[in-house]
1. Say the dipole of segment A:161-224 comes from +1 at the beta carbon of Lys and Arg and -1 at that of Asp and Glu; which of A:Gln167, A:Ala179, A:Gly216 then lies farthest toward its positive end?
2. Along Cα-to-Cβ, 7 Å out, sits the label point; list in nm, shortest first, how far the one on B:Leu170 is from those in the other copies.
3. How large is the dipole of segment A:95-231 about the Cα centre if only Lys and Arg carry +1 and Asp and Glu carry -1, each at its Cβ, rounded to the nearest 20 debye?
4. Using just the C-alpha positions of segment B:136-181 as equal point scatterers, what log10 of I(q)/I(0) does the Debye formula give at each q in 0.16 1/Å?
5. Report the residues of segment A:199-230 in range of a label on A:Asp113: point 7 Å along Cα→C-beta, backbone N strictly under 19 Å from it.
6. Just to be sure I understand the model, the point goes 7 Å from the Cα along the line to the Cβ. What's the resulting A:Glu49 to A:Arg85 distance in nm?
7. Report the Cα centroid-to-centroid distance between segment A:120-144 and segment A:35-85 in angstrom, as an integer.
8. Which aspartates and glutamates have a Cα lying under 16 Å from the Cα of B:Lys177, excluding residues fewer than 8 positions away in the same chain?
2 protein chains.
Amino acid sequence: MPPNKVKSAEPSVAPKRQHKADAKAAAHPHAKPRPLTRIQREKQDLILEAALEVFSVHGFRGSTIDQIAEVAGMSKPNLLYYFPRKEEIHRRLMSALLDTWLAPLKEMDAGGDPFPEIRSYIRRKLEMARDYPRESRLFANEMLQGAPRIIEMLEVDLRNLVDEKAQILLGWMDQGKLAHTDPYHLIFSIWATTQHYADFDVQVRAVLGKDRGGEGRFEDAARYLEQLFLFGLTPRKA
Amino acid sequence: MPPNKVKSAEPSVAPKRQHKADAKAAAHPHAKPRPLTRIQREKQDLILEAALEVFSVHGFRGSTIDQIAEVAGMSKPNLLYYFPRKEEIHRRLMSALLDTWLAPLKEMDAGGDPFPEIRSYIRRKLEMARDYPRESRLFANEMLQGAPRIIEMLEVDLRNLVDEKAQILLGWMDQGKLAHTDPYHLIFSIWATTQHYADFDVQVRAVLGKDRGGEGRFEDAARYLEQLFLFGLTPRKA
DNA sequence: AGAAATTTTGACCAGTTGGAAAAATGTTAG
DNA sequence: CTAACATTTTTCCAACTGGTCAAAATTTCT
């Protein structure tokens, strides 16, 4: 019984040929890897920008190197000269992304008071959804697929960060400065409500319509979220 | 200059051959389209189930007919006998989905009181995220791609429904039964916070860890969200 | 049972996709 | 200027993809 074609999602990873730069670097592991030329930096940035555009919409499997190359305005082999494999591009995007993405949470300061801190955290996240929607969607796409390429980072870096901030929130709660509730789900709810405006942008626009769906929607969202997180929906007597 | 290969994402839609069943139906437009046989219903359901599994993870472009066929346990040509094109499967999934998806909101009743209504709306949505996470992800995937296949439904059906419910919310606000705030963003925030537990499930699990990440997370979420939407995070004096 | 209809299979196809190889064309330090 | 290096283009390929088709196997109906 000959071994039938084995079905695998990704093509088998036969160690093929090395990229020139890689080969060079590998030859002298301790040699400083020759700083990138101006062109290299420019083109890599161009490619990453194009890849962000494509990956953020179609996900990893749904995106093709050709598409990315076209958006970047270069030929596919040329693109492959800078990033010898599709995965490489995606990895670069993701690791750059995670840093940016967690930065706002890192800023939450135990020394501050809970409401100003939470309020400006929400604001920063909402600004990111407004100003970097593609990054948000790239991240969302990875999540939907089960985060195969960043799962460890989530389980280590993200988890530690959230644990740390959850402690801060618990501290505030114990001081009676913040309602006593689940700090993890509190953080989830901030992520969810803010990223929604990037990831589900089409839906938000469709529902709000042309008139209310303009750029003002982010300010409306900010006002609403502030109310929600501060007081909830219970009416207060003026 | 001969016309170069024109680049198009989807293959050109030359009207090829019709599916047998379709052809038959087309021949007698008024004949009742012969109820599906038992096998047809079973196999179609099998395929749709498999397609949901695959599409919800990889999106439309990232999923292949082969994958779906394999999950459904049948050969690709056999699958294509029931659904002559990939798009057809996706369309069927999406239209079935939208109904289910909006059902909870439809139930929100102007005759009720705001808090019980909102509270049970949140609960229903959270149950859907728990019990139908694949459907939620399928929907999210479509959103991330700009909802190309359901944009009109969003702009008509969804929009009308939300408009209607926003009116109800406004009514409650005017009666002083609900804090005066933006009803559209209120609805968005319910969608966002509940669907988050399906769409970002990996992340939620990664952050909560093995111990706190079990099924109990949905009850914790429900409790937290109730607090959030009712009172926000301001501490109340017991 | 036997004819008719339905379902399944295997072989096949054209276009796409990720990637390799090598030749051709810049660019730059000496 | 020219050798060494960096960049780009052309050509090519094997695997994958959506889909077709005719024949074979099976089920249903009379």
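The values are calculated or read from the model by the stated rules, or taken from the named source; none is laboratory data. Keep in mind the model is a prediction, meaning the values are calculated, not measured. With ideal geometry, Cβ positions are generated from the backbone for all residues, glycine too; neighbour counts draw on all protein chains shown. SASA here: full protein model, heavy atoms, side chains in, ligands and nucleic acids out. Shrake-Rupley method; radii C 1.70, N 1.55, O 1.52, S 1.80 Å.
1. Value computed over the given set: A:Gly216.
2. When each copy's label point is compared with this one, the spacings are 4.5 nm.
3. That gives segment A:95-231 a dipole magnitude of about 480 debye.
4. Each listed q maps to, in turn, -0.59.
5. Label zone hits: A:226-230.
6. Between A:Glu49 and A:Arg85, the simple spin-label model gives 2.8 nm.
7. Here the answer is 22 Å between Cα centres.
8. Result set, ordered by chain and number: B:Asp109, B:Asp113, B:Glu117.
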